[in-house]
Amino acid sequence: MKKRIVSVLLTTALTASLLAGCGGKSLEDQSGAQEGGDAAAAEAVEMAAAEDVDGTEITFWHSMGGVNGEAIDELVSRFNEENEYGITVVSEFQGEYDDALNKLKSAQIGNMGADLVQVYEIGTRFMIDSGWIVPMQQMIDEDGYDLSQIEPNLAAYYTIDDQLYSMPFNSSTPLMYYNKDMFDKAGITEVPTSLEGIEAIGDQLLNEGGAGEVMSLSIYGWFFEQFLGKQGLDYANNGNGREEAATAVAFDENGGAKNILDAWKSLNDKGYAPIVGKGGDAGLADFSSGKSAITLGSTASLKQILQDVNGKFEVGTAYFPSVKDSDEGGVSIGGASLWALNNQDPKKLRATWEFVKFLVSPESQAYWNAQTGYFPVTVAAQEEQVFKDNIAQYPQFQTAIDQLHDSSPEYVGALLSVFSEARATVESEIESMLNGNETSDEAVANMAETINSSIEEYSLVNE
Amino acid sequence: MNAVKKSKWNASPYFYLVPCMLVFAVFLFYPFFKTIFLSLFLTDKMGQAKVFVGMQNYMDLLTSESFRNSLKVTLIFVVIVVVGGMLLGLIAAVLCNKAFPGIRFFSTSYALPMAIASSSAAMIFEIMLHPTVGIVNKMLGLDINWLNNPDTALYCVAILTAWLNSGINFLYFSAGLGNIDETIYERASVDGAGSIQKFFSLTLPGLSPIMFYTLVVNIIQAFQSFGQIKILTEGGPDEATNVIVYSIYRDAFFNYRFGSAAAQSVILFIIVMLITLVMFRIEKKGVSY
């Protein structure tokens with residue numbers, strides 16, 4: 001009998017912990033929201049003068065692990081040593097972008113969070129709507145900072161209603177990587193600029209170039225967004241969500257999504273682009289191991305790819321492909337930017353701004369670019385010796401810079417409140433289509449329906 | 001058991017329960033009721049209950065194909081993990097119950113999975129199962145994209161989990177075997193029982209109490225598996241590994257729909273509760289203490 005009671009208790013506890021494990025976090029957010037709501041309406045705060053901030057300590061939350069994290073730590077310690085204002089920056093790694101954003105939500109309870117936080121590009125709409133932030137533009141104006149130092153195409157992404165909301169920091173653009181040796185062997189001299197073009201040379205690469213697969217094209221929502229931009233079409237309505245918050249997607253009605261999916265499916269059906277997985281990195285291993293002739297990836301992957309390939313073959317870089325050769329459009333950016341949080345403390349705000357200025361200074365950006373492969377956000381960084389050495393070593397990076405400069409700010413990409421969810425929806429529908437469970441028309445319809453209802457629910461509950 | 005007279009109510013024993021109950025209240029009961037409360041609402045991006053929708057979250061879930069798929073996937077997953085994990089543990093424990101040279105080495109290696117965090121194991125398997133550079137395809141001479149093929153992904157994740165769980169099961173079963181009186185085997189031998197007969201007539205019944213406990217714990221654990229799914233498949237491909245716990249995580253911390261996530265938690269709780277109740281029914285018949 002005793003044993004029975006013990007075991008009943010044990011199981012109840014275990015089953016209940018199942019529920020608690022799931023509910024616990026939402027609870028934290030819950031209690032945070034009540035007080036956080038008031039902070040949302042907080043009045044503007046002005047910066048203190050630079051001379052007054054001696055001894056101020058600010059907290060910087062970032063999501064850079066590994067090599068990138070080391071580079072951040074180096075920049076932070078340089079700032080702590082070199083800055084003449086007596087500012088101390090404490091940098092804290094808060095996990096991946098999603099995790100960091102979740103932690104930020106919980107931490108906003110009583111301004112226990114950070115002073116400066118790195119948020120990924122698709123969190124932009126959320127941050128603007130949150131009411132927790134001080135737009136960068138305010139500090140730029142107060143300090144008389146010359147914004148033309150920042151790459152215009154990067155700044156454009158974070159500029160809404162002529163205000164720069166956050167400072168671009170680690171920006172990347174997508175590139176097409178190709179195996180030059182295979183191209184030479186197959187006798188292909190002209191690098192394709194579109195999916196259509198890749199399809200046309202598929203057999204050549206397989207039969208003559210010795211490729212195991214033509215293209216390791218990972219299912220990644222960011223690529224889908226780029227393919228839309230390359231067609232010059234909008235992702236969402238209301239001017240891609242930039243004039244006003246988007247209320248629905250636009251890619252179903254403007255036909256952009258169907259073009260992409262049809263081209264993708266066709267590449268897949270012919271065996272040129274088998275399913276290699278979801279997410280940004282899924283296609284890289286096939287490329288680096290010499291199996292696929294082409295892959296798509298972020299500029300930030302360049303260094304990793306070159307290291308993995310390790311001279312086995314020559315890596316070429318080209319502009320991100322369009323869907324059809326006739327398409328006219330451009331690429332937008334990915335990565336993350338820096339957001340100043342409103343903690344009602346003029347000194348901290350000034351300290352934050354000084355630190356931001358340091359991070360985007362040509363010197364820091366040249367170092368950052370060389371260490372990580374992210375785009376130098378400051379134009380003048382290209383004059384730095386560190387940058388010149390780096391580009392001499394990795395001439396492929398020049399493609400990324402040319403591509404960004406060739407692209408017009410009008411293809412800057414969409415803003416959407418539910419972007420991370422939308423991206424995941426796009427990925428799973430593409431996957432479903434490639435697995436033969438639905439046609440491209442059905443996939444597009446499902447994407448639009450799911451994302452639109454998410455937007456609707458979001459606007460219903462977040463008035 | 002009845003040292004205290006029933007007529008005289010004594011409060012002091014209940015005080016001893018207070019610390020434990022406090023911890024339970026903060027970490028279990030409050031979140032439990034809060035979860036039920038949240039499941040009746042739509043929540044905003046902060047996870048705050050905003051719009052009361054009653055049973056709508058539940059209705060949406062029960063009519064959604066995606067959630068039905070999650071239920072199906074979860075059940076298949078749990079069956080593979082529980083059966084696989086317990087069989088592995090049991091076989092290993094029976095094999096190691098005999099004394100032979102190197103026994104310590106074998107015991108340690110069978111118990112080892114217990115010490116590996118599910119996430120680290122998942123990361124190792126991710127490389128091993130990689131279609132191009134992974135050792136599994138190289139050794140088998142195959143070209144299967146294990147984790148991105150809807151037909152194989154669930155089995156890969158489930159087998160990994162079964163192996164991970166087998167370590168602790170091995171330990172339980174070893175302890176259980178140690179408790180079985182050696183002499184009954186001797187007597188059975190004298191009576192002419194073969195080793196298979198001995199296993200089914202003596203070992204299994206002797207193990208039944210620990211077996212029951214292991215079964216309950218394993219089932220609950222299997223329902224809660226998360227890390228390896230997040231790392232290996234993220235619920236994909238095409239929702240083939242979208243077990244309920246992962247789906248809850250997705251809804252709550254990715255889509256910020258705590259209402260729907262809470263409703264899923266409640267449904268999962270009910271399922272686990274029902275299974276547990278059914279098992280206690282069975283216990284009365286099958287388990288001999």
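Just so you know, all these numbers are worked out from the coordinates, no wet-lab data involved. As the structure is a prediction and not an experimental result, all values here were calculated from the model. No Cβ is skipped: glycine too gets one built from the backbone with ideal geometry, and neighbour counts run over all protein chains shown.
Data for the structure
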{"item": "Qualifying GluC sites (Glu not before Pro) for the stretch A:51-89 [loop in DSSP, other Cβ within 10 Å: at most 13]", "result": "A:Glu84"}
{"item": "Proximal charge balance of A:Lys230 [Cβ under 9 Å; K/R count +1, D/E count -1]", "result": "-2"}
{"item": "Residue exposure sequence - A:Asp184, A:Asp269, B:Asp191 - by fewest surrounding Cβ within 10 Å", "result": "B:Asp191, A:Asp269, A:Asp184"}
{"item": "Under 5 Å, built H, 5+ apart or other chain: amide partners of A:Ser298", "result": "A:Leu175"}
{"item": "28 Å Cα-Cα reach of B:Lys98 towards lysines, excluding residues that sit fewer than 8 places from it in its own chain", "result": "B:Lys198"}
{"item": "Candidate lysines for bridging to A:Lys348, where Cα separation is under 21 Å - those fewer than 8 sequence places away on the same chain excluded", "result": "A:Lys103, A:Lys105, A:Lys357"}
{"item": "Positive-end residue, the protein assembly as shown charge dipole about Cα centroid, Cβ charges, pick of A:Val379, A:Trp222, B:Ala111", "result": "B:Ala111"}
{"item": "Full-extension gain in nm, B:Ile135 to B:Met21, via 0.36 nm per residue minus C-alpha separation", "result": "36.0 nm"}
{"item": "³J(HN,Hα), Karplus 6.51/-1.76/1.60, whole Hz, each residue of the stretch A:382-398, x for Gly, Pro", "result": "6, 8, 6, 5, 4, 5, 5, 4, 5, 6, 5, 7, 10, x, 4, 5, 4"}
{"item": "Two-decimal ratio, the stretch A:106-180, of alpha-carbon radius of gyration to 2.2 N^0.38 Å", "result": "1.34"}
{"item": "Rounded to the nearest 20 debye, dipole of the protein assembly as shown from Cβ charges on Lys, Arg, Asp, Glu", "result": "5740"}
{"item": "Reach of B:Lys50 by Cα under 19 Å, taken over aspartates and glutamates that are not fewer than 8 positions away in the same chain", "result": "A:Glu28, A:Asp29, A:Glu35, A:Asp38, A:Asp129, A:Glu456, A:Glu457, A:Glu463, B:Asp60, B:Asp251"}
{"item": "Environment charge of A:Leu205, counting only residues whose C-beta is closer than 14 Å and scoring Lys/Arg +1, Asp/Glu -1", "result": "-4"}
{"item": "Partner chain coverage, peptide B:225-234 - average Cβ within 10 angstrom", "result": "1"}
{"item": "Lys/Arg +1, Asp/Glu -1 at C-beta; chain A dipole; positive extreme among A:Ala351, A:Tyr177, A:Ala340", "result": "A:Tyr177"}
{"item": "Residue-by-residue Karplus 3J(HN,Hα) for the stretch A:191-200, coefficients 6.51, -1.76, 1.60, Hz, glycine and proline x", "result": "6, x, 10, 8, 4, 4, x, 5, 4, 5"}
{"item": "Residue order, fewest to most surrounding Cβ atoms within 10 angstrom, among A:Tyr374, A:Tyr458, A:Tyr319, B:Tyr185", "result": "B:Tyr185, A:Tyr319, A:Tyr458, A:Tyr374"}
{"item": "Distant-in-sequence amide H partners of A:Ile219 (H built 1.01 Å from N, under 5 Å)", "result": "A:Val276, A:Gly277, A:Lys278, A:Gly279"}
{"item": "Loop-located chymotrypsin sites (Phe, Trp or Tyr not before Pro) in the stretch B:1-70 whose Cβ has at most 15 other Cβ within 10 Å (DSSP)", "result": "B:Trp9"}
{"item": "Neighbour-count order for B:Arg257, A:Arg242, fewest beta carbons within 10 angstrom listed first", "result": "A:Arg242, B:Arg257"}
{"item": "Peptide-level mean, for B:247-257, of C-beta atoms on other protein chains within 10 Å", "result": "5"}
{"item": "Check: the stretch B:77-286 dipole with +1 on Lys, Arg Cβ and -1 on Asp, Glu Cβ, in debye", "result": "340"}
{"item": "Principal axis box of the stretch A:166-254, alpha-carbon based, largest edge first, Å", "result": "51, 34, 21"}
{"item": "Theoretical ellipticity at 222 nm over chain A - DSSP helices of four or more residues, -39500 (n - 2.57) apiece, nearest 500", "result": "-15000 deg cm²/dmol"}
{"item": "For chain A: rounded, prolate or oblate by the Cα gyration tensor [a/c cutoff 1.5]", "result": "oblate"}
{"item": "Local net charge near A:Thr173, Cβ-Cβ under 14 Å (Lys/Arg +1, Asp/Glu -1)", "result": "-4"}
{"item": "For the stretch A:95-218, size of Cβ-based charge dipole, Lys and Arg +1, Asp and Glu -1, in debye", "result": "340"}
{"item": "By average C-beta atoms within 10 angstrom, highest first, the peptides B:110-119, A:208-217", "result": "A:208-217, B:110-119"}
{"item": "Dipole of chain A, positive end: most advanced residue of A:Gly86, A:Gly209, A:Ile128 [Cβ charges, Cα centre]", "result": "A:Gly209"}
{"item": "Rg/Rh for the stretch B:77-286, where both radii come from Cα atoms and Rh is the Kirkwood radius", "result": "1.04"}
{"item": "Distant-in-sequence amide H partners of B:Thr241 (H built 1.01 Å from N, under 5 Å)", "result": "B:Gly236"}
{"item": "Computed over the stretch A:265-305, the ratio Rg/Rh where both radii use C-alpha atoms and Rh is Kirkwood", "result": "0.98"}
